[in-house]
């Protein structure tokens with residue numbers, strides 16, 4: 001993969017994308033639980049390179065200017081009216097299941 005003059009933000013996004021693809025391709029069956037596990041991955045540390053991003057450890061402020069921690073996570077499944085959402089880091093907080101109407105086959109959930 002060619003990385004032409006990548007900024008630190010682009011590099012971070014690329015590292016997180018590469019890690020997510022690694023986890024997805026190593027998975028035989030992808031389901032909601034597996035996606036939540038991937039969202040909570042810390043293999044590249046807790047900072048910018050992690051899928052589950054936490055504030056950089058050199059700051060005492062959890063919401064310091066320039067920090068980009070994970071603010072929320074959502075898992076959707078094509079054709080399903082079910083959306084699971086979580087506020088904050090997926091490794092720390094639970095998920096809430098929301099159901100909207102019927103699935104694409106017309107069945108109520």
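Here are a few things to note about the model shown:
- Residues satisfying the stated conditions in the stretch 1-33, i.e. touching a helix residue (DSSP H, G or I) at 6+ places or on another chain (Cβ under 8 Å), surrounded by fewer than 16 Cβ atoms within 10 Å (Cβ to Cβ) and either within 27 Å of residue 79 (Cα to Cα) or at pLDDT 90 or above (or both): 20, 24, 27, 30
Yes or no, residue by residue, for (1) in contact (Cβ under 8 Å) with a residue 24 or more places away in the chain; (2) part of a helix (DSSP H, G or I); (3) touching a strand residue (DSSP E or B) at 6+ places or on another chain (Cβ under 6 Å):
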residue: 14; (1), (2), (3): no, yes, no
residue: 17; (1), (2), (3): no, yes, no
residue: 24; (1), (2), (3): no, yes, no
residue: 30; (1), (2), (3): no, no, no
residue: 33; (1), (2), (3): no, yes, no
residue: 47; (1), (2), (3): no, no, no
residue: 52; (1), (2), (3): yes, no, no
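A quick yes/no check of all residues on (1) surrounded by 14 or more Cβ atoms within 10 Å (Cβ to Cβ); (2) part of a strand (DSSP E or B); (3) at pLDDT 90 or above:
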position: 67; (1), (2), (3): yes, no, no
position: 73; (1), (2), (3): yes, yes, yes
position: 78; (1), (2), (3): no, no, no
position: 84; (1), (2), (3): yes, yes, yes
position: 89; (1), (2), (3): yes, no, yes
position: 94; (1), (2), (3): no, no, no
position: 97; (1), (2), (3): no, yes, yes
position: 105; (1), (2), (3): no, no, no
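The values are calculated or read from the model by the stated rules, or taken from the named source; none is laboratory data. On a predicted model such as this, the values are computed, not experimentally measured, just so you know. Neighbour counts run over all protein chains shown; Cβ positions are idealised from the backbone, glycine included.
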